[in-house]
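The values are calculated or read from the model by the stated rules, or taken from the named source; none is laboratory data. Treat the numbers as computed from the prediction; the structure is a model and nothing was measured. Neighbour counts are summed over all protein chains in view; Cβ atoms, including those assigned to glycine, are modelled from backbone coordinates with ideal geometry. Ligands, DNA and RNA are stripped out before the accessible areas are found, and what is left, the full protein with its side chains, is counted by its heavy atoms. Shrake-Rupley method; radii C 1.70, N 1.55, O 1.52, S 1.80 Å.
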Amino acid sequence: MKKCISDRIFSLIADTAYESGTEAYVIGGYVRDCLLGRDHDQKDIDIVVKGSGIDLARKVARRISPGIKVTVYRNFGTAMFRTGNHIIEFVGARKESYSSDSRKPIVEDGDLEDDQNRRDFTINALAISLNRNNYGELIDPFNGISDLDQCLIRTPLEPGRTFSDDPLRMLRAIRFASQLDFSIQPETFESIRKNAGRISIVSYERITVELNKILMSSRPSLGFRLLYDSGLLEKIMPEFYKLKGVDKKDNQGHKDNFDHTLQVVDNVSAMSDSLWLRWAALLHDIAKPVTKKYIEGTGWTFHGHEFIGSKMVPGIFKRLKLPMGDSMRYVKKLVALHLRPIILSQESVTDSALRRLLFDAGDDIDDLMLLCEADITSKNERKVKHHLRNFGIVRKKLQEIEQKDHIRNFQPPIDGNEIIKMFNLKPGRQVGSLKSSIKEAILDGIIPNEYKAAREFLIKKAAEIGIKPVEK
Ligand code: CTP
């Protein structure tokens, strides 16, 4: 265990605890990740102290440097400070219990054993002693080491009790399973299924932290399937839950949109670490259940699901307390545009359609293409190959057009102010329509994306409605 506490900070904490006549232990995620060999350079370190965590934090901080700022949360009996790459949090060992309708714990002082009892999972209850008599010894009352070996998530106490102390832990179990590629012990999982309804007392801020962590795991589908099977998904993301299932009519079914979406999320995750691209993948078909129709002779259709889906994005972000700014607009845009490259790859593509796609996607064109490629899922390998080949053609053509015309993020070379001056017009609809005629002409390839051509085109267009430029 010594390798986990080789950093100088641990001996400093140990010496300070000894001199203060108290006991200190490293506990939680730091120990778990060290034993798993997960990179923990930046890892937060949790120290549990017999007695006051706040006092020990202050003393240790003073020893490192008198200038260190110690943040104290008196209500929780915790204090933390940053040193080097670590944030170190000190907490007094506690016994905690919660009343059934609130997250507010009743806290009493306790010892290490009490503190380990109140932890969420056996693998998170592992502690390493920083005390002189057994420095570096692993204290593992629930056989967390064996659960680490067997890749198992299990609660230290009877699961119903651990989950009722804090129902967010049900989501954390799934998040750890997804992040670490562990399974959840059957009794623990059964308890999650039984208690899923209790997630309603947890704030969306906390829920979303876990959802984001599930999405950032290498194969997010693992976590989302567990969310579905446990009954939690229905409670926290009912729109997404509704994607599951296949309707049949005249012996014709459609894809299971839940399975398909998870495949797309995994595909995207294999290619990109972007959280928001993963959200876009998760939500790209979110409106399929509400747009689903069976049309005689045609089969199942989901007309307009991309537009309706993009309109659903702000509501979902708001409820999940996700940021409502650029990230939301990005996801909304990708959901709205996710069919465009696919459609282009099926038809003979015109330059004008490609220019419009470049214009609409702007800087997000590469992410959109990535999402669309990930969206090509089918059991029929020949079909997938065929689509991917066509898709390659679209990508190449997009590059050629961008090199030639610089459409990404382009602003028409003549702006409204210049049009006003040129023709001595008042600001208004006429100016707007002349300006947009330039944009349309460039996107349609009638004129190149250049000032001179745009000016000549504008003069011609204005003449058609009887407007002439004023003499200089
Ligand atoms: N913990 C808990 N119940 C919770 C949250 C946290 O018992 N609802 C305990 C666990 O022992 C956990 C420790 O507090 O290991 C620290 O929690 P946190 O920082 O949220 O998680 P980590 O385990 O450190 O994992 P990560 O940093 O990956 O989130």
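In table form, for the structure just shown:
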{"item": "Unmet criterion (only one of (1) surrounded by fewer than 17 Cβ atoms within 10 Å (Cβ to Cβ); (2) part of a helix (DSSP H, G or I)) for Gly245", "result": "(2)"}
{"item": "Every pair of residues 6+ apart whose Cβ atoms lie under 6 Å, when the first sits in region 14-33 and is assigned by TED's automatic domain parsing to the domain that holds Ala57 and closer than 15 Å to Glu89 by Cα while the second is within 12 Å of the ligand (Cβ to nearest atom) and open to solvent by 40 Å² or more (accessible area, probe 1.4 Å)", "result": "Ile27/Asp46; Gly28/Asp46; Tyr30/Lys43"}
{"item": "Hits in region 153-167 (condition: part of a helix (DSSP H, G or I) and in contact with a Lys or Arg (Cβ under 8 Å, 6 or more places away or on another chain))", "result": "Gly160, Thr162, Phe163, Ser164, Asp165"}
{"item": "Among the residues listed as Asp114, Asp101, the single one being within 16 Å of the ligand (Cβ to nearest atom), out of contact with any Cys (no Cβ under 9 Å at 6 or more places or on another chain) and at pLDDT below 95", "result": "Asp114"}
{"item": "Residue check, Ile27 at pLDDT 95 or above and of a type outside the set (Ser, Thr, Tyr)", "result": "yes"}
{"item": "Positions within region 137-172 being open to solvent by 40 Å² or more (accessible area, probe 1.4 Å), touching a residue at least 24 places away in the same chain (Cβ under 8 Å) and farther than 18 Å from Arg118 by Cβ, in sequence order", "result": "Glu137, Leu138, Ile145, Cys151"}
{"item": "Residue within region 235-252 that is within 13 Å of the ligand (Cβ to nearest atom) and hydrophobic (A, V, I, L, M, F, W, C) present", "result": "no"}
{"item": "Condition met for Asp120 (part of a helix (DSSP H, G or I), surrounded by 15 or more Cβ atoms within 10 Å (Cβ to Cβ), charged (D, E, K, R) and modelled with pLDDT of 95 or more)", "result": "no"}
{"item": "Elements of type strands (runs of 3 or more DSSP E) in region 12-83, at least 3 residues being within 13 Å of the ligand (Cβ to nearest atom), in contact with a Pro (Cβ under 7 Å, 6 or more places away or on another chain) and more than 23 Å from Gly110 (Cα to Cα)", "result": "none"}
{"item": "Residues located in region 59-93, provided they are of a type in the set (Phe, Trp, Tyr) and open to solvent by less than 20 Å² (accessible area, probe 1.4 Å)", "result": "Phe81, Phe90"}
{"item": "Test: Leu126 is touching a strand residue (DSSP E or B) at 6+ places or on another chain (Cβ under 9 Å), within 13 Å of the ligand (Cβ to nearest atom) and either open to solvent by 10 Å² or more (accessible area, probe 1.4 Å) or of a type in the set (A, V, I, L, M, F, W, C) (or both)", "result": "yes"}
{"item": "Yes/no for Ile419 being modelled with pLDDT of 85 or more, aliphatic (A, V, I, L, M), surrounded by fewer than 17 Cβ atoms within 10 Å (Cβ to Cβ) and over 28 Å from Arg329 (Cα atoms)", "result": "no"}
{"item": "Close pairs (6 angstrom Cβ cut-off, 6 or more residues apart or separate chains): within 15 Å of Phe163 (Cα to Cα) and basic (Lys, Arg) in region 173-187, in a helix (DSSP H, G or I) and more than 10 Å from the ligand (Cβ to nearest atom) anywhere", "result": "Arg175/Ile214"}
